[in-house]
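Single-structure report; data block below.
Quick note: the coordinates plus some simple rules give every number you see, no bench work behind them. Bear in mind that the values here come from a model prediction, so they are computed numbers and not experimental data. All Cβ positions, glycine included, derive from the backbone under ideal geometry; neighbour counts span all protein chains shown.
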Amino acid sequence: MQLPPFRLERFFARHEFSAPRLLCASDGETLSVAELCDLVPGAAAGLGQVRLGYTDSRGDPALRQAVAGLYATISPEDVLVHVGAEEAIFTFMAASLAVGDEVVVPTPCYQSLTDVAKSLGARAAAWRCDPAWGFAPDMADLGALLGARTRALVLNFPHNPTGYMPTPGAFAAMLAMARERGVRVFSDEVYRFSEGPGLAPLPAACDLDDRAVSLGVLSKSFGLAGLRVGWVACRDRGLLDRMAAVKDYLSICGSAVSEYLAVCALDAKEARLGRMGALLARNRALLEAFFHNHSGLFHFVSPKGGLTAFPGLVDGDADAFCRAALEQAGVLLLPGRLYGEEWSDRFRIGFGRADFGQNLEKLAAFCQSWQCRPGRGN
């Protein structure tokens with residue numbers, strides 16, 4: 001297989017640790033090891049006793065037990081732990097797809113959801129999230145896209161990068177349509193538990209369909225990207241066995257320290273998500289106010305969930321806008337073209353970190369000069 005350069009990850013490799021102000025991150029505000037251990041009595045002492053040998057290739061039993069607790073129908077035997085979510089995407093595609101198969105993917109999307117499939121000789125069909133409909137995809141289009149060679153339907157809600165969420169009824173209808181056609185659902189649920197005010201998390205796909213795969217990770221809503229702990233939950237254990245066989249060629253197993261701390265994070269789920277929810281509520285208010293105050297400059301659809309939004313410029317190219325924001329204000333935004341040429345007028349903004357407010361102030365000051373630049377008629 002031959003994989004193309006990962007555009008978004010190469011962009012971050014160049015800028016993430018050099019840009020003065022990061023305003024496009026997709027993860028949440030993180031904790032130190034000491035802060036995490038403070039949330040769980042005895043965690044710090046337990047960390048000192050962790051043995052630094054190989055771990056269970058399917059994930060530490062205590063971790064699989066804790067992950068299973070996030071779902072209604074899942075047992076620890078239905079969980080396969082991975083090193084982050086990216087590895088899980090790869091093992092699913094490699095275990096499920098062959099040359100000539102098809103996978104349907106909402107777009108814009110994280111590049112590996114399409115390009116891993118393509119590298120295996122499969123075809124990736126785009127199910128477009130329409131800005132005119134608040135980034136909702138068209139259910140009529142889905143019916144046309146699910147063909148005889150379709151092996152998987154990728155769902156991703158809350159959606160990255162737009163923040164779109166369907167209603168529970170619409171989500172169930174997507175799964176039902178796939179099930180009727182014998183298509184397996186791969187549900188990217190890494191932004192679960194970051195829903196906006198008054199919105200409950202959608203049911204996990206693995207709880208609605210015994211063949212569906214739910215993808216989870218601690219990087220986003222839990223803000224623990226440095227642990228590199230992700231997982232899939234699925235009641236089809238034959239599929240999990242095939243994915244585990246692919247994982248043998250990748251990480252083999254996870255870090256003992258990371259998996260111990262992941263159990264701590266899940267044990268402290270309510271406290272951790274409560275703090276993150278309070279941060280997101282403050283930042284969402286700032287986000288809404290900013291785009292309301294700059295409605296002449298941007299098209300904006302308020303995200304229903306997740307930690308990112310995907311606004312567009314009323315006039316101009318987002319590449320130039322993002323480049324100028326970095327050069328003149330030190331603010332890093334993610335150009336929409338990294339998701340494909342169709343999105344060249346858009347950019348990703350992330351609001352999951354504690355410094356969001358001060359970084360947004362810098363962007364607001366930059367926008368004044370951008371709006372008054374020659375050629376706008378101001």
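A few remarks follow.
- Value of [θ]222 nm, deg cm²/dmol, for the chain, DSSP H segments ≥ 4, -39500 (n - 2.57) each, nearest 500: -12000 deg cm²/dmol
- Between amide H atoms placed 1.01 Å from N, distances below 5 Å from His82 occur with Gly230, Trp231, Val232, all of them 5 or more places distant or on a separate chain.
- Most fluctuating residue given options Ala271, Ala364, Ala13, as computed from a GNM of the chain linking Cα atoms under 10 Å: Ala13
- Working from label points 7 Å from Cα in the Cα-to-Cβ sense, the Val50 to Ala245 distance is 3.1 nm.
- Packing, taken as the mean count of other beta carbons within 10 Å per residue, orders the peptides 125-134, 87-96 from highest to lowest as 87-96, 125-134.
- Ordering of 18-25, 112-119 by packing [mean C-beta count within 10 Å, highest first]: 112-119, 18-25
- Net charge of the neighbourhood of Ile74, taken over other residues with C-beta under 12 Å away and scored Lys/Arg +1, Asp/Glu -1, is -2.
- Here's the picture: a label point sits 7 Å out from the Cα of Val257 along the beta-carbon direction, and within the stretch 47-65 the residues with their amide nitrogen under 12 Å of it are 47-53.
- D_trans [Stokes-Einstein, Kirkwood Rh over alpha-carbon pairs] for the stretch 49-268, 20 °C, 1.002 mPa s, µm² s⁻¹: 122 µm²/s
- Working from Cα pairs under 8 Å separated by at least six residues, relative contact order for the stretch 63-191 is 21 percent.
- FRET efficiency, 1/(1 + (r/R0)^6) with R0 35 Å, evaluated for Lys269 and Glu327 via beta carbons: 0.30
- Measuring how big the chain is from its alpha-carbon positions, Rg and Dmax come out at 20.7, 66 Å.
- Candidates Gly134, Ser214, Gly42 compared by Cα position along the dipole of the chain: farthest toward the positive end lies Gly134, with charges placed on Cβ.
- Annotation: the residues Leu227, Leu333, sorted from fewest to most other C-beta atoms within 10 Å of their own C-beta, follow the order Leu333, Leu227.
- Fraction of beta bridges assigned by DSSP in the chain that are antiparallel (%, nearest 5): 50 percent
- Each label point was placed 7 Å from the Cα along the Cα-to-Cβ direction; for Glu288 and Glu9 their separation is 3.6 nm.
- Length-normalised contact order for the chain - Cα pairs under 8 Å, 6+ apart - percent: 25 percent
- Legend: calculated FRET efficiency, Gln65 to Ala365, from the Cβ-Cβ distance at R0 = 35 Å, rounded to 0.05, equals 0.10.
- Between the stretch 22-76 and the stretch 147-183, the alpha-carbon center distance in angstrom: 29 Å
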